[in-house]
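Everything below concerns the one structure shown next.
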Amino acid sequence: MAVLKKFRTRWWSQTDEPYEGEKKEKPITPAWGMRYDVRPLTISQLDECWRLDQRCFIDGEAYSRETFDYLLTAPEAVSYRAVTSGGVMVGFVIGLIEPDHTGHVTTVGVAPEHRRRSLAKRLMNQVEEGFAKRNVRLVRLEVRVLNIAAQKLYEGLGYSITQRLPKYYSNGGDGLLMLKSLE
Ligand SMILES: CC(C)(COP(=O)(O)OP(=O)(O)OC[C@H]1O[C@@H](n2cnc3c(N)ncnc32)[C@H](O)[C@@H]1OP(=O)(O)O)[C@@H](O)C(=O)NCCC(=O)NCCS
């Protein structure tokens, strides 16, 4: 996930309380054969997305509601959600087309009980397709050095590590910059 320093005060909030309901719920393991759809993610799903993000990023670095408000209304955003057949959001990806016209995957997350069902792979493929339709040729993203699951996901999709980003995260953790050419 990305930390955009120029937006830091806007993108991060230490004051947002975790969603109470989500803290107490014990999710039931969903059936393995279950079907999911990938659909556009819009501002109508602001609260659902923000709450899901808090379940995905338990390292204290979940985006604030204000950040999602910004991301989901930005004209340069390319965003999708994965939903169950009942319409419940269980995954999301948000990309931004940067001023230099690179596609920037700012965040991707899947609800813990729906992981390892290729949802992140589908969401990433979809955001890349969305970027390509808007003539983006290069995609970048940042990932924690310790986040092996995400690195494996990105490597499997053809992303390569190009740079280490010392103390990139607010708790002092290092990041890795990964790039993929869409050409
Ligand atoms: C990282 C994350 C998005 C992966 O979501 P997912 O839907 O489970 O991923 P997929 O099922 O599409 O996995 C695709 C590939 O990624 C890799 N992968 C995913 N989770 C993995 C794990 N826990 N350990 C090792 N490899 C993993 C595997 O190569 C996998 O392919 P395989 O299942 O055929 O082996 C999810 O674990 C998550 O939401 N984590 C918390 C938020 C986060 O870290 N986001 C990324 C920030 S940079």
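Some observations on this one:
- Residues Trp32, Trp50 arranged by fewest to most Cβ contacts within 10 Å: Trp32, Trp50
- The count of lysine pairs in the chain with alpha-carbon distances below 30 Å, taking only pairs 8 or more places apart or on different chains, stands at 26.
- The chain, relative contact order [Cα under 8 Å, separation at least 6], %: 19 percent
- Comparing Ser160, Ser44, Ser79 in a Gaussian network model of the chain, where Cα atoms under 10 Å apart are tied by springs, the biggest mean-square fluctuation is seen for Ser44.
Values quoted throughout were computed directly from the atomic coordinates according to the rules given, and no laboratory measurement underlies them. Everything numeric in this text was worked out from a predicted model, so none of it was measured. Note: ideal-geometry Cβ built from the backbone for every residue, glycine included; neighbour counts use all protein chains shown.
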